[in-house]
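Below is one structure, written out as structure tokens; the observations come after it.
The values are calculated or read from the model by the stated rules, or taken from the named source; none is laboratory data. All values reported here derive from a predicted model rather than from experimental measurement. Using ideal geometry, Cβ is built from the backbone for each residue, glycine included, and neighbour counts are taken over all protein chains shown.
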Amino acid sequence: MFYNRKVAYYTLGCKLNFSETSAISRSLNDNGYTKVDFSSAANYYVINTCSVTENADKKCKQIVKQAKKTNPEAKVIIIGCYAQLKPEEIAKIKGVDLVLGANEKFRLHEHLEGIKDSDEPIIIAGAIKEVGFYSEAFSYGERTRSFVKIQDGCDYFCSFCTIPLARGRSRSSSIDKTLNLVNKVANTKVKEIVLTGVNIGDFGKTEDGKKRSSENFYQLIQALEDIEAIDRFRISSIEPNLLKTNIIKFVAQSKRFVPHFHIPLQSGSDKILKLMRRKYDTNLYRRRIATIRAVMPECCIGVDVIVGFPGETDEEFMKTYDFLNELDVSYLHVFTYSERANTKALQIEDVVPIAKRRERSKMLRILSEKKRRAFYTRFENTSAQVLFEAENDEGTMYGFTQNYVKVGVPYQEELVNTLQQVQLGALSKSGIIIGSVLMKVPN
């Protein structure tokens, strides 16, 4: 078969995965490969997997099947967290040709030519303890905003999580190198950067896990504030114990960092938090929310929560429900607990039945929608700056305010990737604020 070096990509999971897929795509482009849409006939299909996603194996099989249906002669490569954790299992999926672990995914271009004539799956995935380097990554071209990786790995080992096993210890680049990376992104047309990683609040550790003297997340965001070419910086998920008061107060007075935090809670029960091996309790979490509201009443606050963790009785679940119901937060990301191999949670008794996990998940998703609509309603009949995206949804385009309120206006191509002052109207039945651009501002 003649190889035209066309590569298609499919990304599962978090913003960090999106930034890394984009970085790998650019690396392959530099080596003579061409990116095509995943629905197109490609010579190689690269699937970046996630270990957090429920039924990761099932999803992976579906995507492999989809790729092979598009081009039966193509080679399929699996990378990402799932590939590091269960390479042998993935290699058994019909249609998979190459499985690359955490150490090898950024050297993908070195392996592609070697699988052209191979009939058997190849696995290159070493032990996670051997992962000792830090690779820069940012997304570009797929979205209006760019996800910029500032940190990787985690030292926390929560009892439900496999991320440390899939990505290794916490590590990051220096502030100077991170500024250079952000300046590279600033040379594109991107107007918003989302700072992403596994545990971004732990920024400041070298590749060998040692702490850099006087370098931390607070100092990083202070340095980023001076990059004028970027209009908005958005902080992705940050642990409550690492979201210090100085960070909150800095964002409150910043010209570039937007009023939006996503803060994992996981449970509103202190008993369950201990079983999860989290590094805070509900009192600390409540104080963090109060501090944010005191200095940024308009701030959007998102929350991660896990339901159905072992030991979560009806009483303990209701503690979570009541805690979140009373808390002044804006939306929830609800995850139904699912067992993960090689985690401490498997040793905990009192497993919650699947049906009960789903029932609790549904309750919290309904609560989330109520909170999100209540938050949006607060901004009806006000004006706000909106960054518009490229999607044309049957004549409607969307954008987000600084505090992450989704706004819809009639589609106008010239508004794509521009910041506009918008009059916010009423909340629609679909949960979107309907707006109108007050005056088109060229960007």
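From the list G153, G168, G101, pick out the single residue that is closer than 18 Å to C50 by Cα, touching a helix residue (DSSP H, G or I) at 6+ places or on another chain (Cβ under 7 Å) and in contact (Cβ under 8 Å) with a residue 60 or more places away in the chain.
G168
Would you confirm, using the coordinates I've provided, whether G168 is under 22 Å from P264 (Cβ atoms) and small (G, A, S)?
Yes: the conditions hold for G168.
Hey, could you check the stretch 371-386 for residues that are charged (D, E, K, R) and assigned to a helix (DSSP H, G or I) and say which is surrounded by the fewest Cβ atoms within 10 Å (Cβ to Cβ)?
Only one residue tops the list, namely R373.
With (1) assigned to a helix (DSSP H, G or I); (2) closer than 19 Å to S237 by Cα; (3) in contact with a strand residue (DSSP E or B) (Cβ under 6 Å, 6 or more places away or on another chain) as the list, and I301 as the residue in question, which single condition is left unmet?
Result: I301 fails condition (1) only.
Looking at the stretch 271-298, which of the residues that are in a helix (DSSP H, G or I) and without any contact (Cβ under 8 Å) to a residue 40 or more places away in the chain is surrounded by the most Cβ atoms within 10 Å (Cβ to Cβ)?
Among those residues, the one meeting the criterion is L273.
Specify which of the listed residues (S368, S436) is without any contact (Cβ under 8 Å) to a residue 40 or more places away in the chain, assigned to a strand (DSSP E or B) and closer than 28 Å to I193 by Cβ.
S436
Go through the stretch 214-239 residue by residue and tally those that are under 13 Å from R288 (Cβ atoms) and either in contact with a Pro (Cβ under 7 Å, 6 or more places away or on another chain) or in a helix (DSSP H, G or I) (or both).
Qualifying residue count for the region: 1.
If you check I115, I90, which single one turns out to be out of contact with any Cys (no Cβ under 9 Å at 6 or more places or on another chain), in the same structural domain as I47 (by TED's automatic domain parsing), aliphatic (A, V, I, L, M) and in contact (Cβ under 8 Å) with a residue 12 or more places away in the chain?
Checking each option against the conditions leaves just I115.
Out of all the residues in the stretch 307-346, which are part of a strand (DSSP E or B) and in contact with a Pro (Cβ under 9 Å, 6 or more places away or on another chain)?
H333
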